[in-house]
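Throughout, read-outs are computed from the coordinates displayed, never taken from laboratory work. Small disclaimer: the values here were computed from a predicted structure and weren't measured. Neighbour counts are summed over all protein chains in view; Cβ atoms, including those assigned to glycine, are modelled from backbone coordinates with ideal geometry.
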Amino acid sequence: MSQDTQETSARGKSPLRYIVMAVVAGVIACTGYFAFGGQQRAPDATFTLLSGQKITTSADLKGKVYLVNFWATSCETCMKEMPEMINTYNRFKDRGLEFVAVAMSYDAPMYVTNYAQTRNLPFKVAMDDGSAAKQFGNVQLTPTTFVIDKDGKILKRYVGEPTFAELDALLDKALKAG
């Protein structure tokens, strides 16, 4: 063993340790483990609904509590969580909750339209051209759901299916605030 290797081993600070720590930190960050904690503002984004209507976070959703759910018809987890997303929306819509389900740019518009119509999705459904996903932190994994408060702050980002009891509590608190 070289002197450098012996010193590194003796101190317990091998380069591999730092690589493993960096990978673990990256995985945790990518899985949405850490909430935004209300520190980051929702981006100014425009969503094009299936009807062709455009809505924006800066005007149409301003002052409202809302969810932005990035999903795809080819995503098994998205399809699994969608009935519970519908239930969540239905529980909170009368209290002012808005919901935009944003289909990823690679999803075929006819599949998205068919799914939205046959499932009678009660919330706004948009087709992304890639810009909304980019504005929300380069979303690539589906489902990814953002909870935004009345002040336009991101309260939480869920990558994967949320724990719905936690989501309900967060929405309840956000809708009561202000």
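Looking at the square roots a ≥ b ≥ c of the eigenvalues of the Cα gyration tensor of the range 45-170, which shape do they give, rounded for a/c under 1.5, prolate if a/b is larger than b/c, or oblate? In terms of gyration-tensor shape, rounded. Placing +1 on each Lys and Arg Cβ and -1 on each Asp and Glu Cβ, with no other charges, gives the range 36-176 a dipole about its Cα centre of roughly 400 debye. Farthest toward the positive end of the dipole of the range 91-178, out of Asn114, Thr163, Ala126, is the Cα of Thr163, where the dipole comes from beta carbon charges about the Cα centre. Cβ crowding within 10 Å ranks Phe47, Phe70 as Phe47, Phe70, fewest other Cβ atoms first.
The phi torsions of the range 141-152, fed into the Karplus equation with coefficients 6.51, -1.76 and 1.60 and a -60° offset, translate into couplings of 8, 10, x, 10, 10, 10, 10, 10, 8, 5, 8, x Hz, rounded to whole numbers, with Gly and Pro shown as x. In loop segments of the range 96-138 as defined by DSSP, the trypsin sites (Lys or Arg not before Pro) with at most 14 further C-beta atoms inside 10 Å of their C-beta are Arg119.
Anisotropy class assigned to the range 63-136 is oblate, per the alpha carbon gyration tensor with a/c at or over the 1.5 cut-off and a/b no larger than b/c. Other residues within the sphere of radius under 12 Å centred on the Cβ of Lys176, judged by their own Cβ, net out at +1 (K and R +1, D and E -1). Applying the criteria of a DSSP loop state and at most 15 other Cβ atoms within 10 Å to the chymotrypsin sites (Phe, Trp or Tyr not before Pro) of the range 90-178 yields Tyr106.
Other residues whose C-beta falls under 15 angstrom from the C-beta of Cys75 contribute a net charge of -4, scoring Lys and Arg +1 and Asp and Glu -1.
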